[in-house]
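Each remark here refers to the structure printed beneath this line.
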Amino acid sequence: MSADIHAFLSSPHVVSLLSRHPNRFSSSTAFYVPPEWASWWAWAGESQGLPSSTAGRHTDSHGVSEPTWLLILRYYARVREREQDSAWLLIPDDARSLVDAARRMQVSRVLDEPVLYLGTADGFAHRRAPSPVSSSEDRILGMSPKKAHEIIRMSAYISKLLSSSPVLADVKHVVDIGAGQAYLSRAIRDELGLHVLALDWSDVQSKGAARRETIGHKKRKKVPDDLTTGAAIGDVGEVIGVRKGSQTSEDGSKGSLTYKTLEIRSDSLLRAVDEWAEEMRANQESGSTSGESLPTLFVALHACGSLTLNLLRAFISRLQGNGAKRRWAPCAAVIVGCCYNLLEAGDFPLSRKVIELSRQPSAMHLTPNHLHLAAQTPGQWLRTKETLEAAKLAIRKVVWRALLQNILEKHDSWSVPIVPSNVDTYLDKTAIINGETPSLRRLGRLNDSAYSDWGTFVRRAQERLGVRLDPALCEKDAAMESRLEVFQALRCILGPVIESLILLDREEWLRDELKDTSMNVRLVNLFDQASGSARNIAIVITPQARSIG
């Protein structure tokens with residue numbers, strides 16, 4: 001599948017979308033419409049016989065007028081391939097073909113279904129209706145519903161994993177990499193009775209974890225015994241249904257939790273685990289076999305950027321290393337990554353297959369645009385009224401900033417300065433980051449309220465930039481707004497395809513690296529994206545039936 005995805009992302013239409021950013025495309029100095037866009041670009045700016053101020057809008061099946069980009073989104077998010085809506089026939093063939101391909105060229109994101117279920121020509125046909133986060137998940141101490149869902153699901157999966165094989169049944173030690181405030185670490189310790197090393201780079205996070213540890217103990221004592229709805233506050237164990245007797249070790253003792261703060265690279269990670277394993281071995285019963293390596297599980301819940309690769313490289317390094325005096329041995333891993341925009345150079349491609357594909361003359365290459373878009377989940381935008389409103393705001397922010405850039409370029413923004421408060425007016429004007437111009441970088445982030453209407457946005461922008469714009473230039477171009485909205489929507493629709501290639505490349509790389517180690521690797525839909533867990537796929541490494549150590 002990775003070869004098909006790579007070919008799709010290397011196609012001229014897709015490359016033209018991903019190599020441009022709205023901020024730069026609306027620029028008068030770089031205005032060029034690629035030929036692949038001709039049909040949908042013209043269509044997106046049409047007023048359909050209505051006043052020009054209504055350009056870029058259409059009427060849906062209920063007679064409601066809405067932006068044209070929403071028609072593209074509804075076509076993309078349809079549940080079944082053969083689902084029909086007469087309005088979809090208005091979408092130009094080139095755009096519909098692109099959306100159809102994007103639906104096919106991505107891994108399944110359905111909870112508890114195989115990631116590589118393709119659904120033939122109907123990539124979304126077998127999606128179940130999104131399930132809301134249960135009340136029991138919503139009641140876990142100190143967590144948002146999203147975080148509660150992730151902790152419960154991941155804890156339950158780890159419990160099931162350790163019970164699924166005699167090879168893993170005796171695992172008592174876990175390393176939680178990028179532990180943050182240690183929600184997962186505490187659940188593993190308290191409900192599975194395991195010894196956990198929680199690693200994070202941030203001392204602030206580690207101190208926050210320690211505070212939550214203290215607060216959690218105090219509040220759990222106040223929980224009434226007669227709660228009947230879902231799980232008691234702070235009681236993850238009753239929700240995840242842990243294996244019987246797993247809360248305590250064989251001698252009846254509870255698990256433990258050790259915090260360490262460090263810059264997590266592959267080498268520093270191995271050293272930290274070595275030190276911890278030595279401490280754990282020193283605390284073992286005198287009757288234990290001192291020469292045995294401690295079988296150790298690696299876990300990570302949203303390991304940012306290259307942290308995912310650093311910990312996987314450490315896992316592989318120790319797994320492939322020789323020496324009878326090893327303090328510990330990696331036995332399995334459950335890793336959920338995130339923040340592709342923080343990937344370091346060299347972390348894609350990884351697998352031999354994708355590296356070979358990338359050497360072709362017309363091959364795509366990941367850029368900051370690709371990595372930012374890989375985090376998009378357009379399939380979830382229509383799930384609720386709230387998610388739709390959030391998507392509308394996100395599109396509006398990108399498009400209005402692009403329109404503003406065009407206005408700034410037409411206006412001598414330095415000729416009528418206003419002295420703003422707390423604004424650094426100096427900026428290298430040649431700096432371009434992710435499509436943003438120097439002016440937009442200086443504009444920075446504005447509150448959501450600034451995007452309530454166009455007039456408010458322009459006024460806030462002038463205040464922030466310290467300029468006075470010609471009112472005649474500040475009229476919003478409705479046709480260009482609609483075109484940029486459709487442009488951005490199509491780019492976001494390609495996001496899950498990009499993430500799919502990144503995930504499959506990692507899986508294939510691990511298969512290559514683990515080929516002679518008797519280890520299996522697979523991708524698992526661990527979380528429900530409807531809960532807000534956009535990065536829902538875990539890389540799971542498990543042993544075949546063999547001894548560990």
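The values are calculated or read from the model by the stated rules, or taken from the named source; none is laboratory data. All values derive from a computational prediction rather than experimental measurement. When we count neighbours, we look across all protein chains shown, and the Cβ atoms used for this are built from the backbone with ideal geometry, even at glycine.
Residues considered: Val416, Val458. Of these, the only one that is at pLDDT below 80, hydrophobic (A, V, I, L, M, F, W, C) and either in contact with a strand residue (DSSP E or B) (Cβ under 8 Å, 6 or more places away or on another chain) or closer than 30 Å to Leu73 by Cβ (or both) is Val416.
Each residue in the range 455-478 was checked for being surrounded by 17 or more Cβ atoms within 10 Å (Cβ to Cβ) and part of a helix (DSSP H, G or I), and 8 of them qualify.
Being in a helix (DSSP H, G or I) and either in contact with a His (Cβ under 6 Å, 6 or more places away or on another chain) or under 20 Å from Ala534 (Cβ atoms) (or both) is the filter here; which residues of the range 100-109 pass it?
Taking the range 100-109 first, the residues in a helix (DSSP H, G or I) are 100-104.
Residues satisfying the conditions are Ala102, Arg103.
Return yes when Arg442 is modelled with pLDDT of 95 or more and surrounded by fewer than 20 Cβ atoms within 10 Å (Cβ to Cβ) and no when it is not. Write out each step before concluding.
Details: modelled with pLDDT of 95 or more: no; surrounded by fewer than 20 Cβ atoms within 10 Å (Cβ to Cβ): yes.
It is false that Arg442 is modelled with pLDDT of 95 or more and surrounded by fewer than 20 Cβ atoms within 10 Å (Cβ to Cβ).
Any idea how many residues of the range 503-547 are closer than 19 Å to Ala77 by Cβ, among the polar types (S, T, N, Q) and in contact with a helix residue (DSSP H, G or I) (Cβ under 9 Å, 6 or more places away or on another chain)? The total comes to 4.
When the range 330-374 is examined, which residues are found to be surrounded by fewer than 18 Cβ atoms within 10 Å (Cβ to Cβ) and either of a type in the set (Val, Ile, Thr) or touching a strand residue (DSSP E or B) at 6+ places or on another chain (Cβ under 7 Å) (or both)? If the condition is that a residue be surrounded by fewer than 18 Cβ atoms within 10 Å (Cβ to Cβ) and either of a type in the set (Val, Ile, Thr) or touching a strand residue (DSSP E or B) at 6+ places or on another chain (Cβ under 7 Å) (or both), then Cys339, Leu342, Ile355, Thr367 are the ones that fit. Only one entry of Leu98, Leu116, Leu111 meets the criterion of being under 26 Å from the mean Cα position of the chain (by Cα) and at pLDDT 95 or above, and that entry is Leu98. Cβ-Cβ distances below 7 Å connect the following pairs, each with a first residue in the range 379-397 that is among the aliphatic types (A, V, I, L, M), a second residue that is part of a loop (DSSP other than H, G, I, E, B) and surrounded by 16 or more Cβ atoms within 10 Å (Cβ to Cβ), and a separation of six or more residues or different chains: Leu388/Trp381; Leu388/Leu382; Ala391/Trp381.
Applying the condition of being of a type in the set (D, E, K, R) and part of a loop (DSSP other than H, G, I, E, B) to the range 312-368 and asking which residue is nearest to Arg506 (Cα to Cα) yields Asp347.
Is at least one residue of the range 494-515 more than 30 Å from the chain's Cα centre (by Cα), part of a loop (DSSP other than H, G, I, E, B) and in contact (Cβ under 8 Å) with a residue 60 or more places away in the chain? No, because not a single residue in the range 494-515 is more than 30 Å from the chain's Cα centre (by Cα), part of a loop (DSSP other than H, G, I, E, B) and in contact (Cβ under 8 Å) with a residue 60 or more places away in the chain.
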